[in-house]
Amino acid sequence: MKRNNIFYLIRNEFKSNKIDFIRKSLIFFLSIEVISLSFSIAVSSISFGISVFLWILLIYYIRKWEKTPLDYLFILFIISEIISAIFSEDPSRAITNTKRVFIFSVFYMVFWAFKNYNEIKQFFKIFILFITVLSLFEIIEKFIFHIDRIGIFQHYMTTGGIKMIISLYMLPMIFNKNLNKNERIILILSFIIIFFTLVLTMTRSSWLGFLDGVIFFILFYNKKYVLYFLIIFVLFGIFAPTKIKERALSSFDPNHPSNRTRIHMITTGFEIFKDYPIFGIGDIDVKNIYLRYTIPYEKAEGGHLHNNFMQILVCLGLFGLIIFVLIFVFLFIYLFKNYKYVEKNEELKLLSIIPIIVFVAFHVNGLFEWNFGDQEIAILFWFTMGLSQIGKNLLNFNKNMVVK
């Protein structure tokens, strides 16, 4: 009997070490996946594949599922993708494009991987350091080669979306009361460099998303900062270069070529929807069908519709759109509840604010871009959403946790 107990203890210890090794490996590859988004989609994709494999191994050994309010909605969205593909004019292409739903797994992998605050803190340090160095190279490239809109490794709109999210990551960190003076100075300098590259992308929708994210940060963290925000906003408006101000003000000009094109895509998209109302045209390139309904204003117009909701409505129909909207309604409720759960703990409160302000920025940006379908931005978005559960889990593990 005693010998059996020893064997049982050894087996459990071996299993525990194996699980911890897999979990730490998942942290490593998940970190590479996110960090490499800014310079190599190939490296990110390979790391994503390895991360999925490690996550499945974790599920197998732990044999326990951590439920969220989104689980069944994700399944319904996958079903909507499959049904729309069946009724699509190009079912093989539509089925192939359903692979984007695998990105949902990033949301789960985050809180399966990170189990203590120091791990996520270490990730943030490496991530911000890397993006700061990359941003410096982008700034140098901009002024040496006189590039209009920066984006070394991807399209400037994707770069703008990534920089928008990372800039919002840093905002709550700067206000962390547990930072020492040197840490705060380094964070502020990094923020200025990264924010500067966001501006240099000249991507108005990312600017607007960042602005709305800042407003929500103030609302959730401390409304007393409203005055400081207004002062900085006014000063930026006064002293920003003319080219930046003109670009920003053009957002409100309906006759601006880019704005006219986007409005045209929305109205044409609605016409397509009327002919494919229930299940849409399938998750395919819209261009061929788009050309049946209109003559584009610009050559590149119509591949996608530069609006998440219209793109989903056209591709997946009303059935898909309803599920899509429900995912994000339930997601926001989930983020808010997690925030309320941890708000008395300063560091976890700041951690839980990051997903909320990124959620807002992502959807504002998504009114003018198809960022839900942009792999780099989508991975970073779902990674950020997973951070919300980490804060709740950490508080559950130790209600009296003191973060050093």
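The values are calculated or read from the model by the stated rules, or taken from the named source; none is laboratory data. All values reported here derive from a predicted model rather than from experimental measurement. Cβ atoms come from the backbone with ideal geometry, glycine included; neighbour counts cover every protein chain shown.
Of everything in segment 66-87 that's of a type outside the set (A, V, I, L, M) and part of a loop (DSSP other than H, G, I, E, B), which residue is surrounded by the most Cβ atoms within 10 Å (Cβ to Cβ)?
THR68
Give the residues of segment 88-104 that are of a type outside the set (Val, Ile, Thr) and surrounded by fewer than 17 Cβ atoms within 10 Å (Cβ to Cβ), sorted by residue number.
Quick first cut of segment 88-104, residues of a type outside the set (Val, Ile, Thr) only: 88-94, 97, 99-100, 102, 104.
Scanning segment 88-104 gives GLU89, PRO91, SER92, ARG93, LYS99, ARG100, PHE102.
Tell me whether segment 169-186 contains one or more residues that are of a type in the set (S, T, N, Q) and in contact (Cβ under 8 Å) with a residue 40 or more places away in the chain. Give the derivation first.
To start, the set of residues in segment 169-186 that are of a type in the set (S, T, N, Q) comprises 176, 178, 180, 182.
Next, from what is left, pick out any that are in contact (Cβ under 8 Å) with a residue 40 or more places away in the chain: 176, 178.
Within segment 169-186 (the criterion being of a type in the set (S, T, N, Q) and in contact (Cβ under 8 Å) with a residue 40 or more places away in the chain), the answer is yes, since at least one residue qualifies.
Scan segment 280-297 and tell me whether some residue there is assigned to a helix (DSSP H, G or I), among the small types (Gly, Ala, Ser) and more than 30 Å from SER388 (Cβ to Cβ). Before the answer, list the steps.
Filtering segment 280-297 down to residues assigned to a helix (DSSP H, G or I) leaves 287-293.
Among the residues that remain, those that are also among the small types (Gly, Ala, Ser) are: none.
So far as segment 280-297 goes, no, none of its residues is assigned to a helix (DSSP H, G or I), among the small types (Gly, Ala, Ser) and more than 30 Å from SER388 (Cβ to Cβ).
Exactly one of these conditions fails for MET202: (1) farther than 14 Å from ASN365 by Cα; (2) modelled with pLDDT under 95. Give me its number.
(1)
For GLY303, state whether it is part of a helix (DSSP H, G or I), in the same structural domain as HIS155 (by TED's automatic domain parsing) and out of contact with any Pro (no Cβ under 7 Å at 6 or more places or on another chain).
Working: part of a helix (DSSP H, G or I): no; in the same structural domain as HIS155 (by TED's automatic domain parsing): yes; out of contact with any Pro (no Cβ under 7 Å at 6 or more places or on another chain): yes.
No; evaluated as a whole, the condition is false for this residue.
Which ones in segment 244-263 are free of Cβ contacts under 8 Å to residues at least 12 places away in the same chain and in a helix (DSSP H, G or I)? Before you say what the answer is, go through the steps one by one.
So the first thing to find is which residues in segment 244-263 are free of Cβ contacts under 8 Å to residues at least 12 places away in the same chain, and the list is 245-246, 249, 252-256, 258-259, 263.
Within segment 244-263, LYS245, GLU246, LEU249, PHE252, SER258, ASN259, ILE263 qualify.
Which one of these is closer than 21 Å to ASN308 by Cα and of a type in the set (D, E, K, R): ARG184, ARG204? Before the answer, list the steps.
Numbers: ARG184 fails: closer than 21 Å to ASN308 by Cα.
Of the residues listed, the single one that is closer than 21 Å to ASN308 by Cα and of a type in the set (D, E, K, R) is ARG204.
Out of (1) modelled with pLDDT under 95; (2) outside any loop (DSSP other than H, G, I, E, B), what's the single condition that is false for ILE323?
All conditions pass for ILE323, except number (1).
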